[in-house]
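All of the numbers you see were taken from the coordinates with simple rules; none came from a lab. In this text, all values refer to a predicted model and were calculated from it rather than measured experimentally. Cβ coordinates were reconstructed from backbone atoms using ideal geometry, including for glycine residues, and neighbour counts include every protein chain displayed.
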Amino acid sequence: MEFQQLEMFAAVVEEGGVGRAAERVFRTAAAVSIALTKLEEEFGVKFLDRSDRSRTQLTQPGKLLYSYARRILDLRQEASSAIRDGAHRRREILRLGTHESTSLYLLLSLLRPFNAAHSDIKTEIICGNSERLLTALSNQTIDLALIGDAEDEPNYQRHLIARDSLVLITNPNHRLASLKEVEVPDLANECLIVQSSRSKLRQRLAEAFAQNEIRFRPGVENIAIETIKLMVIENFGVGFVPRMCVQEELKRDELVAMSVNGVRSDWDLWLVRLKGERHSPAARTFFDLAATLNISRTPTSQQRSEATSARQRQKLREQRNRAIRC
């Protein structure tokens, strides 16, 4: 007994004759008749009463077979639909790689409008450093990478998402908070709290130290940005982080942020994908939507942030001067 035989048998029953059944299953009437004959020979019983040529009727075994045939065919259709739907859902997964800091402070600005327009697409987030994420992108284990300081390479297509800056953060009572300008040598004896050795933020500090012929010796490393902030707030040391990660702490005067002369402070965040690859519908949709969003920090707001930090440091210096005079 084969699916095709059951399809033909069910068609004959439901269409009321071999001719119309043949049209439905796109076969000749002779082919349908042969299939039914083989089915009856297999079981050794008659399924159709052909005594009335004007009307095909089911025998008792035929009624039993039809009830099972209909259930079998319906289950096959249900299974096929479930498999197709399941495969479709797997395709509708956006695999996005990004930094820990970006996932905490920027990603929601991109995901909220995307999810509002495409709530049927599931998003999987993988966090890591730029090197790991670009490798995953090349291996196609992720669809897109949202990373800082992405270089313009021939294998990748990139879109600028936001401009941020890298800043040194200190406790407001730390000695560096009172300096008008901070130079790399000022950090030589500080407890530097940094991320992993493959972090581009850490690499910038290391390069600046090397250029100033100062040994780079982090006090604490391989640590998450949230922990860096907590340690700096407790005045355990100083850190180097994207400004977007400390906006709330700056507003509450828990931290002071400043640039360091000799350390690159620009921090552009890019959405990156492979060139010349067949991107999934979800990845194409997210990339195109992100290109329309305007979430980059403007120069005016950047200047306001720098001015706010400068006022905070000036306020602290004035407070300390008054304390000394007392």
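Here's the picture: charge each Lys and Arg Cβ at +1 and each Asp and Glu Cβ at -1 in the chain, and of 216, 93, 168 the one pushed furthest to the positive end of that dipole is 168.
Can you give the calculated 222 nm mean residue ellipticity of the chain, where each DSSP H run of n ≥ 4 adds -39,500 (n - 2.57) and the sum is split over every residue, rounded to the nearest 500 deg cm²/dmol?
On the way: 12 runs with 159 residues, N = 326.
That comes out to -15500 deg cm²/dmol.
Rounded to the nearest 20 debye, the dipole magnitude of the range 1-153 is 1000 debye, with +1 charges on Lys and Arg beta carbons, -1 on Asp and Glu beta carbons, and the Cα centre as origin.
Peptides 182-194, 205-217 ranked from most to least packed, by the mean per-residue count of other Cβ atoms within 10 Å: 182-194, 205-217.
Amide hydrogen proximity for residue 156: with H placed 1.01 Å from N in the peptide plane, the residues at 5 or more positions away or on another chain lying under 5 Å are 275. Close amide H contacts of residue 58 (hydrogens built in the peptide plane, cut-off under 5 Å, sequence separation of 5 or more or a different chain): 49. Amide H contacts of residue 164 (H built 1.01 Å from N, in plane; Pro and chain starts excluded): 267, 268, 269 sit under 5 Å, all sequence-distant by 5 or more or on other chains. Averaging the Cα positions of each part gives two centres, and for the range 144-173 and the range 1-69 these lie 69 Å apart.
Convex hull of alpha carbon positions in the range 97-231: directionally averaged projected area 10.4 nm².
Here the chain is assigned +1 on the Cβ of each Lys and Arg and -1 on the Cβ of each Asp and Glu. Its dipole about the Cα centre then comes out at about 640 debye. Ordered by the count of other Cβ atoms within 10 Å of each Cβ, fewest first, 202, 158 give 158, 202.
Counting lysine pairs in the range 93-325 whose alpha carbons fall under 29 angstrom apart, excluding pairs fewer than 8 residues apart on the same chain, gives 11.
Computed extension gain for residue 207 through residue 179, at 0.36 nm per residue and net of the alpha carbon distance, reaches 7.8 nm. A Cβ-based charge dipole, computed about the Cα centre of the range 104-178 with Lys and Arg at +1 and Asp and Glu at -1, lands at about 360 debye. Segment residue 24..residue 230, full-extension length gain: 67.0 nm, with 0.36 nm per residue of separation and the alpha-carbon distance subtracted. Peptide packing: for 233-241, 111-119, 245-253, the average count of neighbouring Cβ atoms within 10 Å per residue gives the ranking 233-241, 245-253, 111-119, highest mean first.
Taking the Kirkwood radius as Rh and the Cα radius of gyration as Rg, the chain has a ratio of Rg/Rh equal to 1.36.
Stretched out fully, how many nm does the piece from residue 253 to residue 49 gain, at 0.36 nm a residue minus the Cα gap? The partial results should precede the final answer.
Numbers: separation 204, 0.36 × 204 = 73.44 nm, distance 9.17 nm.
Taking 0.36 nm per residue and subtracting the Cα distance, the gain is 64.3 nm.
Restricting the range 1-35 to chymotrypsin sites (Phe, Trp or Tyr not before Pro) that sit in a DSSP loop and have at most 10 other Cβ atoms within 10 Å of their own Cβ leaves 26. Plainly put, the range 3-90 has a radius of gyration that is 1.07 times its Kirkwood radius, both from alpha-carbon atoms, as the Rg/Rh ratio.
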